[in-house]
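The values are calculated or read from the model by the stated rules, or taken from the named source; none is laboratory data. These figures come from a predicted structure and were not determined experimentally. Heads up, the Cβs are rebuilt from the backbone with ideal geometry, glycines too, and the neighbour counts pull from every protein chain shown.
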Amino acid sequence: MGRDDGDPYRLRSDLSVQPRHAVITALAAEQNRDRLDLETPLYESLDPEALDSLLLHRPETDVSVTFSISDVTVTVWVEDEEHILVEVTDRTGEAGKPSYS
Amino acid sequence: MSDAESDGENVEQNQRGASQAALLCSDGGSDLNRFFEALADNRRRRILIHLQQNDTVSLQDLAGVLADQEGIDHQSEAFKRLQVDLVHLHLPKLADYGLLAFDERTNIVSSESLPTAVEQILGLVADLEDTDGSIDSNKES
């Protein structure tokens, strides 16, 4: 995978996509898996409905949510009251340098 | 609550089944809150109603049933999102509350014996609610 250097993966959706779906889509892309085949259900990390509620209750409120799942850290927030941004950062890359074969 | 009373309560919970214990062993006094949260979604209510009539159902078949109720094309992104919601939200949440069992290896959903109150409310919901969650005020009880 070309992301060993620890660059965050970023996904931007418009507000018609629920935050929980944006997060799941971002995780699937980052894990290179189908959304139905992720390592763990999102519910094991946080309540997806609570996530949506926090972010969408008042879109004009600046809220960002950061949580860990599998080996990554996910941050999700609403940008400009128009888009949902999801950033996925691989935590395993933080501890050491990537190895080159 | 004294130890004697709580022991009696625990024995009674074991006799009523693990599903009720899971629903009732919550953070003191908020049983009804958890119960309403579990049911506070139209799809979750219809999942439980389906399981009242079917002991087990595969994830795929359950998704198909729900999609057909909502008029969702099985090839659409909306269908995919429905499946995603089952796997990542509704099934783990309902299992957490002891209202069904979901085996992630086999993708089989199984019914659990439900508290009487849940059965009654589901019966009421089935009569009154349309598939999109709107209450059909024209229906007679």
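Computed quantities for the displayed model
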read-out: Extreme residue, farthest from the other protein chains (Cβ to nearest Cβ), among residues of the range B:112-141 that are outside any loop (DSSP other than H, G, I, E, B) and in contact with a strand residue (DSSP E or B) (Cβ under 7 Å, 6 or more places away or on another chain); value: B:Leu128
read-out: Number of the condition not met by A:Ile69 [criteria: (1) at pLDDT below 95; (2) surrounded by 12 or more Cβ atoms within 10 Å (Cβ to Cβ); (3) farther than 19 Å from B:Lys93 by Cβ]; value: (3)
read-out: In the range A:4-60, the residues that are part of a helix (DSSP H, G or I) and more than 14 Å from chain B (Cβ to nearest Cβ); value: A:Glu30, A:Leu54, A:Leu55, A:Leu56
read-out: Among the residues listed as A:Leu56, A:Leu27, the single one being modelled with pLDDT of 95 or more and out of contact with any Phe, Trp or Tyr (no Cβ under 7 Å at 6 or more places or on another chain); value: A:Leu27
read-out: Criterion (surrounded by fewer than 17 Cβ atoms within 10 Å (Cβ to Cβ) and not small (Gly, Ala, Ser)) met by exactly one of B:Asp136, B:Asp85; value: B:Asp136
read-out: Which numbered condition A:Val76 misses (of (1) within 11 Å of chain B (Cβ to nearest Cβ); (2) within 14 Å of the chain's Cα centre (by Cα)); value: (1)
read-out: Verdict on B:Val109 being more than 8 Å from every other protein chain (Cβ to nearest Cβ), in contact (Cβ under 8 Å) with a residue 24 or more places away in the chain and among the β-branched types (Val, Ile, Thr); value: yes
read-out: The range B:35-71, residues that are among the aliphatic types (A, V, I, L, M) and either within 14 Å of another protein chain (Cβ to nearest Cβ) or not in a helix (DSSP H, G or I) (or both); value: B:Ala38, B:Leu39, B:Ala40, B:Val57, B:Leu59, B:Leu62, B:Ala63
read-out: Every residue from the range B:72-98 that is in contact (Cβ under 8 Å) with a residue 12 or more places away in the chain and either more than 14 Å from chain A (Cβ to nearest Cβ) or among the hydroxyl-bearing types (Ser, Thr, Tyr) (or both); value: B:Tyr97, B:Gly98
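Per-residue answers, yes or no, for (1) surrounded by 13 or more Cβ atoms within 10 Å (Cβ to Cβ); (2) over 25 Å from B:Asp96 (Cα atoms); (3) of a type in the set (A, V, I, L, M, F, W, C):
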position	(1), (2), (3)
A:Asp7	no, yes, no
A:Leu36	yes, no, yes
A:Val65	yes, no, yes
A:Trp77	yes, yes, yes
